[in-house]
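Okay, so here's the structure we're looking at.
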Amino acid sequence: MSIKSAGSAIYANRVTLDLYKKYHPNRLATNNEYIEGNVYIHPTAKVHDTAKIGPHVAIGANVVIEEGARIKNSIILDGAQLKKHCCVLNRY
């Protein structure tokens with residue numbers, strides 16, 4: 001898949017997460033009621049229990065997501081910090 005724009009990166013992320021679900025479902029997060037759909041969370045990321053995440057979200061290494069955050073159709077890059085009650089939709 002050729003990625004030439006931010007929109008195509010979001011689409012590629014969605015396709016990759018769908019493939020994870022089909023071939024490697026153990027890589028996807030399913031640990032609480034606030035995760036919806038296909039979500040990948042790096043093992044070093046710290047996500048508050050009340051953050052609503054998904055569908056189609058990939059969270060990188062050493063990311064910190066605070067309480068009440070909402071993330072949908074996005075890629076959160078390594079080392080990012082998302083503060084309390086922030087909203088990230090369709091971003092990379």
- Item | Matching residues, the range 14-69, being among the hydroxyl-bearing types (S, T, Y) and in contact (Cβ under 8 Å) with a residue 24 or more places away in the chain | T16
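Which of the residues belonging to the range 32-89 are part of a strand (DSSP E or B), more than 8 Å from the chain's Cα centre (by Cα) and crowded, with 19+ Cβ neighbours inside 10 Å?
I35, V47, I65, L82, V88
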- Task: Consider N13 carefully, then state whether it is buried (at least 16 other Cβ atoms within 10 Å of the Cβ), of a type in the set (S, T, N, Q) and part of a helix (DSSP H, G or I).
- Result: yes
- Query: Going by the structure shown, is G7 within 12 Å of the chain's Cα centre (by Cα) and modelled with pLDDT under 95?
  - Reply: no
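The values are calculated or read from the model by the stated rules, or taken from the named source; none is laboratory data. It should be emphasised that the depicted structure is a prediction, and the values quoted were computed from it without experimental measurement. Cβ: placed from backbone, ideal geometry, glycine included. Neighbour counts: every protein chain shown.
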